[in-house]
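What follows is a set of notes on a single structure, which appears directly below.
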Amino acid sequence: MVHGDTLSACSAAVRPPCQRPDTQARSFNKAITLGNLGKAIIANLAVRRQSESSVPLFSDFIACVRTEQSRKALEDQFAEHHSGGRFRVTTGENVRALECSDVVILAVDPADVEHVLSEPGCREALRGKLLISVAAGWSRQKLETALYGSPTTAENSGDGSRAYILRALPNIAALAGQGLTAMEISDPPLPESHLRLADAIFQSVGKTAHTPPHLMDATTAVAGSTPAFFSIICDALIDASVAVGMPRELARTMIVQSMQGTASMLQGGLSTAQVRDQGTSAEGCTIGGIMVLEEGAVRGHVGRALREAVTIARQMGHVQHVNDTRH
């Protein structure tokens, strides 16, 4: 629950604060969230998306932070909701916040996960609740072992003493409402209502993809690292545009819009080869540039960069693969 200097959770509770919800309830009243991802969720769920629905998914939010500086910054950012009681910020009251919650987003630095989950009272406060982890390198089984000493199985999950844990990997594009969040397919499966709620939370900041467990480490790079890769490619194209006389801001506008348009064409069903061929003519400037890229083995270097990122992600999770770049 710590991200940088903040404790992050997104929780929801039906009925008055700290009262357990009716199992038949279809909406949630409380939410706890913070960090960059949490801020994006608040901005989209609380500020924009909920205004479009007659039955809001969340009615208020609680952010638990470690420092007064973080508390003040969050209160200032969401002053409108803070003054109306919809957004509260607390310090040093992690367990109390969890007790008042039904859904928790664990958005912590991987090195802090075990420390946070071992806080006295945390396990009891999470009993029967949905815990969504966005901590890199921590599988669902590792989280369950940190909390309970063993992974959750069909045999030990029936008494309601454990939290329902969902591993989710959102990427940085969530900050623009265009993120991709991979959500691990759990075994034993989570209640359908929990999956719908998790989808609703992360679809407020983009799209979701339900992903098999063995692909989650690769997804850390395939979805999580690629925005940075695309940014480097854009940066190179902008610099080159400046080098041939284009003003930087105009070059940036053109390159970014071209990238956005290309993404829209690909999402519309065109293949990468079709987009390339439709923009290429015989003896033209585009094919000349493509040949330079091919001669420089750009395709291979980009592919290796992704494989390297996946390799590191797997090492974070201690899983080796035959195509990793190192062992």
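Numbers at a glance
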item: Top-ranked residue in the stretch 193-209 [being closer than 20 Å to GLU144 by Cα and open to solvent by 30 Å² or more (accessible area, probe 1.4 Å); ranked as farthest from the chain's Cα centre (by Cα)]; result: HIS194
item: Close pairs (9 angstrom Cβ cut-off, 6 or more residues apart or separate chains): under 19 Å from GLN274 (Cβ atoms) in the stretch 287-311, open to solvent by 40 Å² or more (accessible area, probe 1.4 Å) and basic (Lys, Arg) anywhere; result: ILE290/ARG276; LEU293/ARG299
item: Enumeration of residues in the stretch 115-150 that are more than 13 Å from GLU184 (Cβ to Cβ) and touching a Lys or Arg at 6+ places or on another chain (Cβ under 9 Å); result: LEU117, GLY121, ARG123, ALA125, LEU126, ARG127, GLY128, LEU147, TYR148
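Conditions (1) under 35 Å from the mean Cα position of the chain (by Cα); (2) open to solvent by 70 Å² or more (accessible area, probe 1.4 Å); (3) closer than 21 Å to THR226 by Cβ; (4) not assigned by the TED database to the domain that holds THR226, marked per residue:
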{"site": "GLN257", "(1), (2), (3), (4)": "yes, yes, yes, no"}
{"site": "GLN260", "(1), (2), (3), (4)": "yes, yes, yes, no"}
{"site": "LEU270", "(1), (2), (3), (4)": "yes, no, yes, no"}
{"site": "ASP277", "(1), (2), (3), (4)": "yes, yes, no, no"}
{"site": "GLY288", "(1), (2), (3), (4)": "no, no, no, no"}
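The values are calculated or read from the model by the stated rules, or taken from the named source; none is laboratory data. What you see is a predicted model, and the numbers here were worked out from it, not measured in a lab. All Cβ positions, glycine included, derive from the backbone under ideal geometry; neighbour counts span all protein chains shown. All accessible areas refer to the heavy atoms of the entire protein, side chains included, with ligands and DNA or RNA removed. Shrake-Rupley method; radii C 1.70, N 1.55, O 1.52, S 1.80 Å.
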